[in-house]
1. Between Leu71 and Lys212, 0.36 nm times their residue separation minus their Cα-Cα distance comes to what?
2. What fraction, in whole percent, of alpha-carbon pairs in the chain exceed 31 Å separation?
3. Could you please state how large a percent of the accessible area of the chain is carbon and sulfur, counting protein chains only and using a 1.4 Å probe?
4. Between the stretch 79-105 and the stretch 141-216, what is the separation of their alpha carbon centroids in Å?
5. Calculated FRET efficiency, Tyr130 and Glu51, Cβ-Cβ r, R0 41 Å, to nearest 0.05?
6. Please report the orientation-averaged projected area of the stretch 194-240, defined via the convex hull of its C-alpha atoms, in nm².
7. Pairs of Cα atoms under 8 Å, at least six residues apart: use those to get the relative contact order of the chain, whole percent.
8. Any idea of the accessible area per residue across the stretch 7-239, 1.4 Å probe, to the nearest Å²?
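The values are calculated or read from the model by the stated rules, or taken from the named source; none is laboratory data. Since the model is a prediction, treat every value here as computed from it, not as a measurement. Virtual Cβ from ideal backbone geometry, glycine too; neighbours counted across all protein chains shown. These accessible areas exclude ligands, DNA and RNA; they are computed on the full protein's heavy atoms, side chains included. Shrake-Rupley method; radii C 1.70, N 1.55, O 1.52, S 1.80 Å.
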Amino acid sequence: MRLENKTALITGGSRGIGRDIAIKFAEEGADIIFLYRSDAQSAQALATIIESLGRKVFAFQVDVSNFDEVLKIRDAIEKKHKKIDILVNNAGVLRDSLFMKMSDSDWHTVIDINLTGVFNCTKAFLELLYRENQGVIVNIASIAGIYGNVGQTNYSASKAGIIGFTKALAKEAARYKVRVNCIAPGFIETGIWDDLPPKVYEAALKKIAVRKMGLPEHVSKTAVFLASEASSYITGQVVEVDGGIGLSVI
Ligand code: NAP
């Protein structure tokens with residue numbers, strides 16, 4: 001077991017990629033604390049699965065874009081658990097539209113949740129990692145933050161921000177033996193694509209070298225690697241988990 005005796009905190013754990021990361025981490029021996037925004041039923045279902053794996057699990061409902069809410073959760077977690085070893089900043093949303101049609105509200109919602117949410121959770125929990133003089137942060141970015149994507153100026157900006165944040169924090173955190181990396185997934189089959197028109201889905205598929213959509217487990221297995229001792233000499237990196245979509249330029 002690669003994460004035995006570790007406690008991992010995962011944001012956006014109730015569904016999709018975050019849910020799979022929580023399960024894989026628990027299978028690798030970690031106790032799990034996860035945050036979710038609204039889907040209490042999915043959160044309860046996940047907690048039951050993690051308990052059945054013999055791990056401790058705690059779920060907190062919080063909006064990661066609200067710093068005061070995140071701080072309250074941090075205080076509760078600190079009292080109960082004293083430490084965390086792994087922070088996965090995964091919570092994220094889409095509000096896609098062409099830039100000329102993009103509303104001020106859709107811009108701010110995506111930046112506030114995807115990017116400021118990463119700031120808020122890292123700001124709240126980093127001290128717990130520094131105090132232990134060890135730890136790992138895994139941020140979930142996107143290939144949109146590397147290559148850009150039509151209809152996603154807000155989302156691409158938020159994910160490019162996460163990549164810059166990861167590299168800068170990796171330099172600061174290294175002296176506390178805390179590693180900071182990010183994963184840039186391509187198209188991964190989760191609820192986040194529920195509103196994607198079939199035409200766009202087909203067009204995306206054609207750009208993927210391996211000609212199939214990714215699964216949450218492709219991302220969560222990479223997250224296990226980045227959270228474990230196996231990646232102890234890796235920090236400040238962006239790992240693309242995208243079936244080769246980034247190769248599609250030529
Ligand atoms: P998803 O299925 O829509 O799940 C999103 C998760 O984030 C849910 O647990 C949701 O909680 C939580 N969340 C949303 N807003 C939140 C907020 N304000 N505060 C706290 N939690 C919040 O999404 P996903 O596809 O698994 O995506 C996970 C991450 O991977 C995101 O950062 C996304 O940008 C990134 N990503 C995904 C893909 C992909 O193809 N799926 C590709 C690249 C990057 P509730 O359920 O309670 O609302």
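1. Additional length available on full extension: 46.7 nm.
2. Working: 5810 of 31125 pairs.
When every Cα pair of the chain is considered, 19 percent fall beyond 31 Å.
3. Numbers: 6580 of 12300 Å².
C and S fraction of accessible area: 53 percent.
4. About 12 Å separates the Cα centre of the stretch 79-105 from the one of the stretch 141-216.
5. Working: r = 30 Å, r/R0 = 0.74.
Efficiency, from the Cβ-Cβ distance: 0.85.
6. Working: hull surface 18.4 nm².
The directionally averaged projection comes out at 4.6 nm².
7. Working: 491 pairs, mean separation 48.3, N = 250.
Contact order relative to length: 19 percent.
8. Numbers: 11030 Å² over 233 residues.
Spelled out: the 1.4 Å probe surface of the stretch 7-239, per residue, equals 47 Å².
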